[in-house]
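A quick write-up on the structure given underneath.
The values are calculated or read from the model by the stated rules, or taken from the named source; none is laboratory data. Treat the numbers as computed from the prediction; the structure is a model and nothing was measured. For neighbour counting, all protein chains shown are included, and Cβ atoms are generated from backbone atoms with ideal geometry for every residue, glycine included. Only protein heavy atoms, including side chains, enter the accessible area calculation; ligands, DNA and RNA are left aside. Shrake-Rupley method; radii C 1.70, N 1.55, O 1.52, S 1.80 Å.
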Amino acid sequence: MRLYLSSFRVGAASDALVGMVDPPGRAAVVANAMDAATPDVRREAVELEVAALRDLGLDPVELDLRNYVDDGPRFATDLVGFQLLWVRGGNVFVLRHALARSRGDDAVRDLLARDALVYGGYSAGPCVLAPTLRGLEHVDDPADVAAAYGDGAQVVWDGLGVLDRAFVPHVDSPDHPESAFCDQIAARLRTRGVAHWALSDGEVLVVEGASTTLR
């Protein structure tokens, strides 16, 4: 399993990402954490990720989970030939719902178990890999799920369980508007003795097989 999990944007270890993907590798960009935003804001969010990955020499294209409702097998099929799945930040509950209703969550678990691609991303992208999303409601509004997908849309509180602990981004990052809330989440987990990853903006958790490093 290969993971490149950043607190914010590409982070300060882009050499590690490039080494895992080997440019000009194809990158599938998932931006569904932004589905509750206006169309213009969401489009700009996609363009930002595409530009950042192109700057690394990669070949990015968006795969929108809204096009794969109840069709995880097709999502997995469309990912064949991609070296990187890049999942950007936004609202983690919106992202989790999009993964669940497309069955993309099962596809991601299977692809990672087979080491078929690299999973990379930041903020909500890594957070959704944890065993649970409990606690993140202090940062992201679960009500955005209904705003994005309609009143019947259910909030999914379980994460994908790819990581064995919570991922808390933006810790000690005063330039990020969510830093104070993330500091509080990390502090609560520390007080309770709960294992977690707490990353400041710029830091990246890199997993390559049995090797896990914080860079």
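Computed quantities for the displayed model
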{"read-out": "The chain: antiparallel DSSP beta bridges as a percent of all, rounded to 5", "value": "35 percent"}
{"read-out": "Order by protection proxy (mean Cβ within 10 Å, highest first), peptides 25-36, 86-97", "value": "86-97, 25-36"}
{"read-out": "Correct choice for mean projected area of the Cα convex hull in nm² that was computed from the model, options [x] 12.9; [y] 10.8; [z] 32.9", "value": "[y]"}
{"read-out": "The range 1-98, accessible surface, carbon-and-sulfur percent (1.4 angstrom probe)", "value": "52 percent"}
{"read-out": "Average accessible area per residue (Å²) across the chain - probe 1.4 Å, nucleic acids and ligands excluded", "value": "44 Å²"}
{"read-out": "Portion, in percent, of the accessible area of the range 154-215 that falls on carbon or sulfur, probe 1.4 Å", "value": "50 percent"}
{"read-out": "Percent RCO, i.e. relative contact order, over the range 20-65, from Cα pairs under 8 Å lying at least 6 residues apart", "value": "57 percent"}
{"read-out": "Mean Cα-pair separation over length for the range 13-97, i.e. relative contact order, pairs under 8 Å, 6 or more apart, %", "value": "48 percent"}
